[in-house]
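Read-outs throughout are calculated quantities, based only on the coordinates presented, and are distinct from any laboratory measurement. Computed from a predicted structure; not experimentally measured. So basically every Cβ, Gly included, is an ideal-geometry build from the backbone, and we count neighbours across all protein chains shown.
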Amino acid sequence: MNVKSRLLPILFLTISYNFSFSQKVSDIGNIGAEMTSFTHPSWSEQSNIYEVNLRQYSSQGTFKGFEKSLPRLKKMGVQILWFMPINPIGIEGRKMTSSDLGSYYAVMNYKEVNPEFGTMADWKELVQHAHRLGFKVIIDWVPNHTSPDNPWIKSHPDFYKHDSSGNTVYDADYTDTRNLNYDNRELRDSMINVMEFWIKDTKIDGFRCDHVDPIPADFWKECITDLRKIKDVFMLAESENPKFHYAGFDATYAWNIMWATVDIAQGKHSLSLLDSVLNQNFLTFPKNAERMYFTSDHDENSWNGTEFEKYGDAYKTFAVFSQTMYESVPLIYSGQEAPNKKRLKFFVRDSINWDHYAMAPFYNTLLHLRKKDEALAADAAYKKIPTANDDAIFAYMRQKGKHKIVVVLNLSAEPQRFTIKENEVYGNPLNVFTLKKEKLFKNHVYEMKPWDYLVYEY
């Protein structure tokens, strides 16, 4: 829901992380002494996420309209389908006019589907079809607030936060929402109940939980524990706070890493920033915590710009990075495989142009490589590889057991020549994009074009 903006200049990112880390660690105590073991659904470690913007996905903007794309997405290698909120949208307080379709994130009823998309029967049929093809399905869940015309407003006014005058409250300018009060025991039970409904009745496989930071971590620990008594669900938190991993979430957002890559692509900062941010993340987050890496999502695309606006000629380079990095469960947003080059409007119908699928082979290569090679699993080892040109070249190795992947990225707008100073790289690996084996040896001189990328499978 939230429009992402930089809370601190990236220049001070490392400093801010050192400060926030002590804060975050202290917050963990709110969850209780017993910590989560950080085991994930077996299918998530080598998985990927595809975010579905139903309204804009097809000319129909419906469940049935999207369902036609399932075979194509299966062929491309997509594994987890994340649907933006499918609940009915409130009418009261809409940020635009009454004729607009409104924000997905102003939920009017937690147990129904938005008639804009179809019926509950349509949704169940879509989930069943997706499961038959091998997909996992998660839905976007909005736990922090509802629309002002949600029935809970009248039936359970104590479910909501109020100001000193007794009025329900909302954040910033989100006039189409009202904030929930997690100090209320009955609200907690009711929220868990409606989440259980979607697992039991529609057979989904988990949730992407919107704007979780204001919600107490102990609620999430209780909630996720209860949900996993029903099913081994996958839980993604829209947060960058490590405490939510201790509460049971499998994955959190890697915003700071994404913002660092944008600044490098735009020439605002040197490559050293990426090492600094990655190292701080590895120190801050618990072992085996999964992070969602991405170059675009619904917030980024609509409010901050497409990947082409943000990354320029480096859009493929950082897509490779997102798909191959340590601890990553990578995301692809609706239309990136087209590619979609426009900012999709948020409150009205603005269909993606699917005339071409020019980026589909690129993503096909990366998604299928991740699926078949354990070296790209979220928990596979990561090792930075030194080169003779580390000011421009970012190289690393992923390894698990006998499986090994080497990634070399030219993170500059200039051609580069260099050698690699790592014995483990030498050999006769497969270039996954050319499907040709290349002999690499100690004095092998690489020549890379601006923003070029190499991925080798051993």
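Listing for the model above:
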quantity: Difference of contour (0.36 nm per residue) and Cα-Cα distance, HIS162 to LYS345; calculated: 62.7 nm
quantity: Fewest-first sequence of LEU409, LEU283 by Cβ atoms within 10 Å of each Cβ; calculated: LEU283, LEU409
quantity: Shape parameters for the range 10-379, alpha-carbon atoms, Rg then Dmax in Å; calculated: 20.0, 59
quantity: Per-residue HN-Hα couplings for the range 305-312 [Karplus 6.51, -1.76, 1.60; θ = phi - 60°; Hz; x = Gly/Pro]; calculated: x, 5, 5, 6, 5, 7, 9, x
quantity: Cut-off 20 Å, label 7 Å out along Cα→Cβ of TRP43, residues of the range 238-270 by amide N; calculated: 249-252
quantity: Helix 13-27 vs. the chain, principal-axis angle (Cα, 0 to 90°, nearest 10); calculated: 50
quantity: Cleavage-rule hits, trypsin sites (Lys or Arg not before Pro), the range 239-324, DSSP coil, Cβ neighbours within 10 Å at most 11; calculated: LYS287
quantity: Difference of contour (0.36 nm per residue) and Cα-Cα distance, ALA381 to LYS74; calculated: 107.8 nm
quantity: Integer Hz, Karplus 6.51/-1.76/1.60 couplings in order for the range 192-205, x for Gly and Pro; calculated: 4, 4, 6, 5, 4, 3, 5, 6, 6, 8, 10, 6, 5, 10
quantity: Neighbour-count order for ARG208, ARG188, fewest beta carbons within 10 angstrom listed first; calculated: ARG188, ARG208
quantity: 3J(HN,Hα) from dihedral phi, the range 80-87, Karplus parametrisation 6.51/-1.76/1.60, rounded to Hz, x for glycine, proline; calculated: 10, 9, 9, 8, 4, x, 10, 6
quantity: Those trypsin sites (Lys or Arg not before Pro) in the range 369-458 that DSSP places in a loop and that have at most 16 other beta carbons within 10 Å; calculated: LYS402, LYS421, LYS439, LYS442
quantity: Helix 315-324 vs. the chain, principal-axis angle (Cα, 0 to 90°, nearest 10); calculated: 80
quantity: Cβ-derived FRET efficiency at R0 25 Å, ASP189 paired with VAL169, nearest 0.05; calculated: 0.65
quantity: Residues LYS200 and ASP100, FRET efficiency given R0 of 35 Å [Cβ-Cβ distance, rounded to 0.05]; calculated: 0.55
quantity: Centre separation in Å (Cα based) which lies between the range 346-398 and the range 214-235; calculated: 30
quantity: Summed side-chain charge close to GLU112 - residues other than GLU112 whose Cβ falls under 14 Å, Lys, Arg +1, Asp, Glu -1; calculated: -2
quantity: Inter-part distance where the range 91-108 and the range 270-289 are each reduced to a Cα centre, Å; calculated: 39
quantity: Estimated inter-spin distance, ASN443 and ASP122, nm [label 7 Å along Cα→Cβ]; calculated: 6.7
quantity: Pairs of Lys in the range 149-281 closer than 24 Å at Cα, counting only those 8 or more apart or on different chains; calculated: 13
quantity: Value at 222 nm in deg cm²/dmol, rounded to 500, when DSSP H runs of n ≥ 4 in the chain each add -39,500 (n - 2.57); calculated: -8500 deg cm²/dmol
quantity: Given charges at beta-carbon only (K, R positive; D, E negative), |dipole| of the range 10-379 in Debye; calculated: 940
quantity: Residue order, fewest to most surrounding Cβ atoms within 10 angstrom, among VAL277, VAL432, VAL194, VAL329; calculated: VAL194, VAL432, VAL277, VAL329
quantity: Label point distance in nm, LYS231-GLU112, each placed 7 Å from Cα along Cα→Cβ; calculated: 2.3
quantity: Cα Rg over Rh - the range 384-457, Kirkwood; calculated: 0.93
quantity: Local electrostatic count, PRO88, Cβ distance below 9 Å [Lys/Arg +1, Asp/Glu -1]; calculated: -2
quantity: Computed over the range 10-379: relative contact order in percent, which uses C-alpha pairs under 8 Å that are six or more apart; calculated: 21
